[in-house]
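Asks: Handing you a structure now.
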Amino acid sequence: MILQHKEVLNQGAGSDMKHLLSMKDLDTDKIASLLEEAERISNGQVPELSEKFTAAYLFYEPSTRTKMSFEMAAHRLGVSLLNFVPEHSSTTKGESLYDTVKTLEAIGTDLVVIRHSEDQYYKDLADRISIPLINAGDGKGEHPTQSLLDLLTIHQEFGKFNKLNIVICGDILHSRVARSNAYALSMLGANVYLSAPDIWQDQSLPYEYISMDEAVEISDVLMLLRVQHERHGSQMNWTIEEYHQLYGLTMEREQRMKHHSIIMHPAPVNRGVEIADELVECDRSRIFKQISNGVLMRMAILYRLLEKGAI
Ligand code: CP
């Protein structure tokens with residue numbers, strides 16, 4: 001394995017992790033172990049929990065895939081879920097995230113999954129709770145469980161990460177998925193490139209930017225991102241058709257991809273914006289495979305944290 005960004009990636013490496021907060025906390029062994037656990041589950045070897053556990057999912061931002069696949073994962077493992085809806089909770093009376101989680105802990109919840117709009121919302125929380133916390137997306141920060149299911153999808157396809165050309169394309173600046181995947185894939189030895197309009201580039205990320213035309217030609221994995229209209233706070237500089245032609249995966253660009261290359265996207269997808277409608281379900285698309293893999297990977301993560309108390 002080639003560790004290209006050791007200085008930022010190995011925090012926590014080697015030690016047991018009680019929480020899953022950032023891909024920066026995972027080393028190659030932990031990632032490999034989670035991929036193996038998810039593969040075993042995929043092959044019908046569903047691990048049994050030794051006791052009855054209860055989890056609470058706190059989604060302060062909307063979600064379909066992450067929340068539903070965590071719910072499915074809990075059902076398949078026999079984990080009971082508490083129903084937490086922020087709008088119907090004491091959050092509306094000003095209760096802090098910390099007090100909400102401490103309350104759930106006191107009630108007897110064994111694990112929490114949280115999605116929140118604030119970057120690193122977990123910073124003053126994780127060390128003050130005794131139950132595992134899984135980050136289901138923090139603002140523009142990270143989305144580690146999405147990254148792990150993406151790694152599973154890539155590994156199923158290629159059986160390796162080393163030297164794969166992976167281009168992450170689109171709204172990089174606002175994407176927590178881009179950040180988690182770029183960190184993880186470069187640690188695993190992939191050649192990571194980014195492609196984005198100037199205004200959505202994040203120059204703090206140490207990866208080369210290339211054009212969309214170069215991206216389709218060199219990529220083994222073309223990882224598209226959703227244009228996050230809700231985070232821009234202003235209108236796009238382009239019409240949808242202009243954006244699609246300049247920066248999207250058009251039908252014409254897809255024709256120039258390598259024979260074996262695959263298309264990925266964390267979804268939800270803006271059909272006709274970052275990807276042509278017809279390509280969402282084309283032969284090289286793994287978009288719905290990623291979603292199915294989300295259940296497997298989230299089962300693996302829930303099992304590890306609940307049964308073993310660590311990843
Ligand atoms: N990929 C992803 O996080 O989708 P949701 O926002 O629907 O959970």
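Every residue, every condition in (1) closer than 15 Å to Ile275 by Cβ; (2) at pLDDT 95 or above; (3) crowded, with 19+ Cβ neighbours inside 10 Å, yes or no:
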{"site": "Asp213", "(1), (2), (3)": "no, yes, no"}
{"site": "Glu217", "(1), (2), (3)": "no, yes, no"}
{"site": "Trp238", "(1), (2), (3)": "no, no, no"}
{"site": "Glu254", "(1), (2), (3)": "yes, yes, yes"}
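Asks: Here is a follow-up. For Val280, are the conditions met, namely being within 26 Å of Ser63 (Cα to Cα), modelled with pLDDT of 95 or more, within 19 Å of the chain's Cα centre (by Cα) and crowded, with 20+ Cβ neighbours inside 10 Å? Break it down into steps so the answer makes sense when it comes.
Replies: Working: within 26 Å of Ser63 (Cα to Cα): yes; modelled with pLDDT of 95 or more: yes; within 19 Å of the chain's Cα centre (by Cα): yes; crowded, with 20+ Cβ neighbours inside 10 Å: no.
Judged against the criteria, Val280 is not a match.
Asks: Would you mind stating whether Tyr183 is more than 16 Å from the chain's Cα centre (by Cα) and at pLDDT 95 or above?
Replies: no
Asks: Hey, another quick one. Of all residues in the stretch 149-169, which are in contact with a helix residue (DSSP H, G or I) (Cβ under 8 Å, 6 or more places away or on another chain) and on the phi > 0 side of the Ramachandran plot?
Replies: Within the stretch 149-169, no residue meets the criteria.
Asks: Moving on. Given (1) among the β-branched types (Val, Ile, Thr); (2) farther than 14 Å from Glu157 by Cβ; (3) in contact with a Ser or Thr (Cβ under 6 Å, 6 or more places away or on another chain), identify the lone condition not met by Ile263.
Replies: (2)
Asks: Return yes or no: is Leu149 of a type in the set (A, V, I, L, M, F, W, C), crowded, with 24+ Cβ neighbours inside 10 Å and in contact with a Gly (Cβ under 8 Å, 6 or more places away or on another chain)?
Replies: Numbers: of a type in the set (A, V, I, L, M, F, W, C): yes; crowded, with 24+ Cβ neighbours inside 10 Å: yes; in contact with a Gly (Cβ under 8 Å, 6 or more places away or on another chain): yes.
Against the criterion (of a type in the set (A, V, I, L, M, F, W, C), crowded, with 24+ Cβ neighbours inside 10 Å and in contact with a Gly (Cβ under 8 Å, 6 or more places away or on another chain)), Leu149 qualifies.
Asks: List the residue pairs whose Cβ atoms are under 9 Å apart, where the first residue sits in the stretch 75-102 and is within 27 Å of Lys52 (Cβ to Cβ) and without any contact (Cβ under 8 Å) to a residue 40 or more places away in the chain, the second is charged (D, E, K, R) and in a loop (DSSP other than H, G, I, E, B), and the two are 6 or more positions apart or on different chains.
Replies: Gly78/Glu48; Gly78/Lys52; Ser80/Lys52; Ser89/Glu95; Leu97/Glu118; Tyr98/Asp124
The values are calculated or read from the model by the stated rules, or taken from the named source; none is laboratory data. Since this is a predicted model, take the numbers as computed values, not measurements. As a convention, Cβ positions derive from the backbone with ideal geometry for all residues, glycine included, and neighbour counts pool all protein chains shown.
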